[in-house]
2 protein chains.
Amino acid sequence: MHCGEMGSRWGFNRTVGQMYGLLIIHEEALSAVQISEALNISRGNVSMGIKELQSWRLVQVQHKPKDRKEYYSPAGSIWEMATRVFEERRKREVDPTLSLLRDNLLDEPANQKEVFAQKQMNEIHDLLETVTHWAGELQSMSPDNLNTLMKLGSGISKVISLKDKLIK
Amino acid sequence: MHCGEMGSRWGFNRTVGQMYGLLIIHEEALSAVQISEALNISRGNVSMGIKELQSWRLVQVQHKPKDRKEYYSPAGSIWEMATRVFEERRKREVDPTLSLLRDNLLDEPANQKEVFAQKQMNEIHDLLETVTHWAGELQSMSPDNLNTLMKLGSGISKVISLKDKLIK
DNA sequence: TTAAACTTTCAGAAATTACTGAAACTTCAG
DNA sequence: CTGAAGTTTCAGTAATTTCTGAAAGTTTAA
């Protein structure tokens with residue numbers, strides 16, 4: 001139920017959220033009919049939900065021998081699930097904005113107001129670009145390194161200033 | 001228009017997104033009537049939208065001398081805007097999930113299935129906790145330090161392993 | 001080639017969410 | 001006080017999104 005409520009906040013809709021929650025909590029892979037019965041939703045809805053979850057690269061299909069049904073289970077570890085949601089949301093939420101901003105910044109400002117507007121857009125653009133670039137770099141680090149970095153927290157400042165001193 | 005379309009992805013609805021976009025792009029503060037005329041939406045809708053933006057701590061009210069009207073403008077710099085959206089979304093999207101997970105983990109598992117479910121929930125809980133804790137630490141760093149860190153990107157691994165060697 | 005067993009699609013219904021505009025409320029100058 | 005100039009609220013309507021279920025599509029064993 002909670003996954004349903006949160007589902008919409010996390011980028012998909014109620015039933016899709018519930019479906020994913022169910023798959024994560026359930027050890028064995030589930031068939032479409034099992035999902036529809038467990039959550040009391042129509043068979044068609046399950047089919048659309050699975051499609052949605054696949055577009056997020058969050059579920060995988062399995063086949064059992066001697067059984068024509070498809071069985072679904074979460075794709076990858078909890079960690080992978082997090083990076084995928086993160087990545088997909090970036091694609092949907094940030095990338096289109098970034099490309100719109102770029103397009104707008106190519107236009108010559110026609111008057112004072114547009115100069116200001118572009119200044120603001122430019123600032124947003126640079127910020128989004130720095131942050132998404134950084135996020136990409138972090139994702140390319142090994143989970144171990146990333147974990148060390150996170151555990152270090154704001155203590156990282158000290159490490160960086162140490163580095164600066166050494167260089168000098 | 002784009003801010004409207006993106007609005008819903010970024011956590012608020014179309015008109016609220018448009019309103020905020022307008023305020024950011026426009027140098028002078030705007031009155032409620034000006035906003036409703038610029039975006040072609042009802043006066044009442046503007047009032048509700050402002051309330052919503054205030055709940056995100058994204059707009060501020062100004063008063064002009066000799067004028068009883070309220071004028072609205074974005075609260076804080078682009079950087080602050082980003083951290084606020086980030087923080088508010090964490091509150092709305094992550095915190096409730098975290099507390100639900102905690103509650104569930106307090107229950108004794110009644111059977112094998114619940115043992116597995118709790119194992120999964122525990123993993124999600126720890127991940128969310130680590131990440132949100134880290135996000136908090138980052139936000140407490142000075143923008144300058146944070147910027148250095150971001151520019152360093154995945155090069156940070158090297159700095160950390162350097163530190164480890166020095167300690168040894 | 002057939003038909004049983006399954007999946008997908010999609011038009012329309014249901015549910016949810018957003019918007020309007022008129023009425024209620026607030027504030028303040030005179 | 002009063003009322004003009006503003007803001008907020010909220011019931012009802014409009015728009016959007018989600019869900020259902022029947023029909024169409026697909027796959028495979030025999």
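The values are calculated or read from the model by the stated rules, or taken from the named source; none is laboratory data. Everything quoted here is computed from the prediction, not taken from an experiment. In this analysis, Cβ positions are derived from the backbone assuming ideal geometry, glycine residues included, and neighbour counts consider all displayed protein chains. Remember, those area values only see protein heavy atoms, side chains included, never the ligands or the DNA or RNA. Shrake-Rupley method; radii C 1.70, N 1.55, O 1.52, S 1.80 Å.
For this structure, a couple of remarks:
- Region B:97-121, residues that are polar (S, T, N, Q) and closer than 21 Å to A:Glu5 by Cβ: B:Thr97, B:Ser99, B:Asn104, B:Gln118, B:Gln120
- Verdict on A:Glu52 being in contact with a strand residue (DSSP E or B) (Cβ under 9 Å, 6 or more places away or on another chain) and touching a residue at least 24 places away in the same chain (Cβ under 8 Å): no
- Here B:Glu28 clears all of (1) farther than 23 Å from B:Met6 by Cβ; (2) more than 10 Å from DNA strand D (Cβ to nearest atom); (3) away from every other protein chain (no Cβ under 13 Å); (4) open to solvent by 80 Å² or more (accessible area, probe 1.4 Å) except the condition numbered (3).
- A:Leu146 hydrophobic (A, V, I, L, M, F, W, C), on the phi < 0 side of the Ramachandran plot and touching a helix residue (DSSP H, G or I) at 6+ places or on another chain (Cβ under 9 Å): yes
- Top-ranked residue of region A:87-139 - restricted to ones that are among the small types (Gly, Ala, Ser) and part of a helix (DSSP H, G or I), ranked as farthest from B:Arg89 (Cα to Cα): A:Ala117
- If the condition is being outside any helix (DSSP H, G or I), open to solvent by less than 20 Å² (accessible area, probe 1.4 Å) and among the polar types (S, T, N, Q), then region B:31-58 contributes only B:Ser31.
- Within region B:126-156, the set of residues being among the small types (Gly, Ala, Ser) and open to solvent by 30 Å² or more (accessible area, probe 1.4 Å) comprises B:Gly136, B:Ser140, B:Ser142, B:Ser154.
- Under the condition of being away from DNA strand D (no atom under 11 Å from the Cβ), assigned to a helix (DSSP H, G or I) and under 14 Å from A:Leu58 (Cβ atoms), the residues counted in region A:5-24 number 5.
- Residue that is nearest to B:Leu138 (Cα to Cα) [pool: residues in region A:101-125 that are open to solvent by less than 60 Å² (accessible area, probe 1.4 Å) and facing chain B (nearest Cβ under 7 Å)]: A:Ile124
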